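Report on the following structure.
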Amino acid sequence: MSKEIILSADNLTKTYEETEHSVSALKNVTFDLKKGEMLAIMGTSGSGKSTLLHIIGALDKPDQGKITLNGVIQDKMFTEPHATEYRGENIGYIFQSFHLLKDLTVEENIALPLILKGANEALLKEKVDQILGLMGLTPWRKHRPIQLSGGQQQRVAIGRALIMSPPIILADEPTGNLDYNTSNEILNVLVEMKERLNQSMILVTHDANVAAYGDRILFFHDGEIVDSYVRTTDEADMDCILDKLKQIMEKSA
Ligand SMILES: Nc1ncnc2c1ncn2[C@@H]1O[C@H](COP(=O)(O)OP(=O)(O)OP(=O)(O)O)[C@@H](O)[C@H]1O
Ligand SMILES: [Mg+2]
């Protein structure tokens, strides 16, 4: 049974004009994201992964192409004030470097999107308590980011991304600043959120160990999708998936 499509990217194209030359960061990128799917975008440095997320997150504008969300073409999403509105309603962003506010506590960082929306005290408390519990951060709610490990800081960032229940989470190298074990822990948190909340997400990485957590993997090279891989339900073995990813990478590099 095929799952419902939540987001479609159609022919996204983006060229950056530099003084002496132009860089084709994305060339006719077309794909769908399904509801409750973890889609991994994998590619080497400069292959266009962050550019793609910036466009889907309305942080950057494509030269051509369109985004459809829940069947509705988002034809105004790249101009203000629509861009801010689109981001607030639809996107939770997770970055490599956490992007937490250092003067705010854990619970204030998590609550920030709701506070900015003017939520009342009762709703704030209910939502923040729920997210702290989900992320295993309740004992640290009054701490500041500097008092936390990298893995805990990324949990705060994930909590902040989830608090508005956005249809889509965009994660750009979310484990890039973490060691191997902490990376796996954070990726398991994301998988758990996908399963418990039926959360749709796009996970960008250059690392096959990270991409292997995706339900489906799109391989990027020079701004284009050059290959894809779908994990089958009977394929529980990570080593087997990793081998396949490495084979595809060698072929498409
Ligand atoms: N704001 C910008 N101005 C000019 N060129 C840019 C800009 N952003 C990205 N580029 C160029 O577009 C190409 C794709 O960049 P992008 O950041 O999307 O790659 P990436 O796959 O995310 O790489 P990395 O793994 O290093 O993060 C690169 O050649 C990059 O130099
Ligand atoms: Mg990048």
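Only a single criterion out of (1) surrounded by fewer than 16 Cβ atoms within 10 Å (Cβ to Cβ); (2) within 13 Å of ligand 2 (Cβ to nearest atom); (3) outside any loop (DSSP other than H, G, I, E, B) is not satisfied by M42, namely (1). Checking each residue in the range 166-185 for being farther than 16 Å from T205 by Cα and either within 13 Å of ligand 1 (Cβ to nearest atom) or of a type in the set (A, V, I, L, M, F, W, C) (or both) picks out only I168. Quick check: is even one residue across the range 8-15 within 16 Å of ligand 2 (Cβ to nearest atom), over 27 Å from Q153 (Cβ atoms), modelled with pLDDT of 95 or more and not aliphatic (A, V, I, L, M)? The answer is yes; a qualifying residue exists. Pairs linking a residue in the range 8-19 that is assigned to a strand (DSSP E or B) and within 12 Å of ligand 1 (Cβ to nearest atom) to a residue that is charged (D, E, K, R) and at pLDDT 95 or above, with Cβ atoms under 6 Å and 6 or more positions apart or on different chains, are K14/D63; T15/D63. Per the conditions (1) buried (at least 18 other Cβ atoms within 10 Å of the Cβ); (2) without any contact (Cβ under 8 Å) to a residue 60 or more places away in the chain; (3) more than 16 Å from ligand 2 (Cβ to nearest atom), the sole criterion not satisfied by F78 is (1).
In the set (1) under 16 Å from the mean Cα position of the chain (by Cα); (2) within 16 Å of ligand 1 (Cβ to nearest atom); (3) more than 14 Å from I163 (Cα to Cα); (4) touching a residue at least 12 places away in the same chain (Cβ under 8 Å), L26 fails one condition alone, (1).
Which one of these does E185 not meet: (1) under 24 Å from A40 (Cβ atoms); (2) touching a Phe, Trp or Tyr at 6+ places or on another chain (Cβ under 7 Å)? Answer for E185: the failing condition is (2).
What number of residues in the range 1-24 are β-branched (V, I, T) and touching a Leu at 6+ places or on another chain (Cβ under 8 Å)?
Filtering the range 1-24 for residues β-branched (V, I, T) gives 5-6, 13, 15, 19, 23.
Then drop every residue that is not touching a Leu at 6+ places or on another chain (Cβ under 8 Å), which leaves 5-6, 13.
Adding up the residues that qualify gives 3.
Taking (1) more than 16 Å from ligand 1 (Cβ to nearest atom); (2) in a strand (DSSP E or B); (3) exposed (fewer than 14 other Cβ atoms within 10 Å of the Cβ) in turn, D32 satisfies each apart from (3).
Inside the range 35-47, residues that are of a type outside the set (D, E, K, R) and more than 8 Å from ligand 1 (Cβ to nearest atom) make up a count of 6. Here the range 188-213 is the region considered, the condition is being closer than 23 Å to G46 by Cα and away from ligand 1 (no atom under 16 Å from the Cβ), and the residue that is nearest to the chain's Cα centre (by Cα) is M201. For the range 48-57: of the residues being surrounded by fewer than 23 Cβ atoms within 10 Å (Cβ to Cβ) and small (G, A, S), which is farthest from ligand 1 (Cβ to nearest atom)? Filtering the range 48-57 for residues that are surrounded by fewer than 23 Cβ atoms within 10 Å (Cβ to Cβ) and small (G, A, S), the one farthest from ligand 1 (Cβ to nearest atom) comes out as G57.
On inspection, M193 fails the criterion of being touching a residue at least 40 places away in the same chain (Cβ under 8 Å), more than 20 Å from S97 (Cβ to Cβ) and assigned to a loop (DSSP other than H, G, I, E, B). Residue-level check: of (1) outside any strand (DSSP E or B); (2) under 15 Å from E224 (Cα atoms), R87 misses just (2).
The values are calculated or read from the model by the stated rules, or taken from the named source; none is laboratory data. Note that this is a predicted model, so its numbers are computed, not measured. Note that we place each Cβ from the backbone using ideal geometry, even for glycine, and neighbour counts take in every protein chain shown.
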